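The values are calculated or read from the model by the stated rules, or taken from the named source; none is laboratory data. None of these values were measured; they are calculated from a predicted model. Quick reminder, even Gly has a Cβ in these numbers, built from the backbone with ideal geometry, and neighbours come from all protein chains shown.
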Amino acid sequence: MISVTLARRYARALLHLAQKHGSLDVAEDELREIAALARRDARVRRFFETPGIARSEKIDFLEKSWKPRLSRPVYGLLMVLLRRRRLDHLIVIADEFQKLAEQAKGLSRIRIRSAVPLSEAQAQQLTKALVARTGRAIVLTREVDPSLIGGAVVSLDHHVIDGTLATELWRIRRRLLATRVHG
């Protein structure tokens with residue numbers, strides 16, 4: 001498995017080229033579609049991952065099938081990955097590129113897990129507060145997790161804010177177990 005660090009390098013290189021060519025949105029859409037195809041079609045994955053298929057055959061396929069439909073930066077990335085025998089890591093690279101492209105566009109994805117469903121008013125209030133705090137546009141994803149008992153967990157970039165009753169009960173339990181009773 002390719003490391004996230006290495007995947008991020010390829011993603012950054014594509015981001016730089018796409019921004020330079022003024023085609024960030026196009027590159028984002030193209031790479032998302034290619035990664036989705038690789039995720040859902042095992043034949044596509046096998047074609048690129050099988051060492052028994054000659055590299056020249058893979059290059060011919062890319063030139064005939066995809067070069068006319070892809071922007072220069074995305075096609076260039078595919079060719080570099082093919083030459084370096086890393087096309088099998090395309091999905092991880094695409095995921096990293098998606099994150100970097102969203103950051104470049106000033107967009108943050110927020111995930112909130114709550115014990116009960118949030119109302120629209122609560123979701124709008126939370127989104128407004130996060131926009132004010134981050135200065136970025138927010139895409140909010142809501143999930144319901146009854147095991148949280150009460151409260152919510154908010155995940156923003158690499159930060160997690162845990163305000164759940166389950167976590168608070170766990171903290172109280174830990175403190176009680178650490179307390180020595182003298183008698």
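Quick rundown of the values:
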{"quantity": "Any chance ALA36 is surrounded by fewer than 14 Cβ atoms within 10 Å (Cβ to Cβ), closer than 25 Å to ILE138 by Cβ and among the hydrophobic types (A, V, I, L, M, F, W, C)", "calculated": "yes"}
{"quantity": "Any hit, region 37-53, residues being under 15 Å from the mean Cα position of the chain (by Cα) and assigned to a helix (DSSP H, G or I)", "calculated": "yes"}
{"quantity": "Leading residue by the ranking (surrounded by the fewest Cβ atoms within 10 Å (Cβ to Cβ)) among those in region 54-77 that are assigned to a loop (DSSP other than H, G, I, E, B) and of a type in the set (A, V, I, L, M)", "calculated": "ALA54"}
{"quantity": "Pair list, Cβ under 7 Å, 6 or more apart: region 48-68 residue of a type in the set (Phe, Trp, Tyr), other residue modelled with pLDDT under 90 and assigned to a helix (DSSP H, G or I)", "calculated": "PHE48/LEU87; PHE48/ASP88"}
{"quantity": "Residue in region 17-25 that is among the aliphatic types (A, V, I, L, M), farther than 16 Å from GLU102 by Cβ and out of contact with any helix residue (DSSP H, G or I) (no Cβ under 6 Å at 6 or more places or on another chain) present", "calculated": "no"}
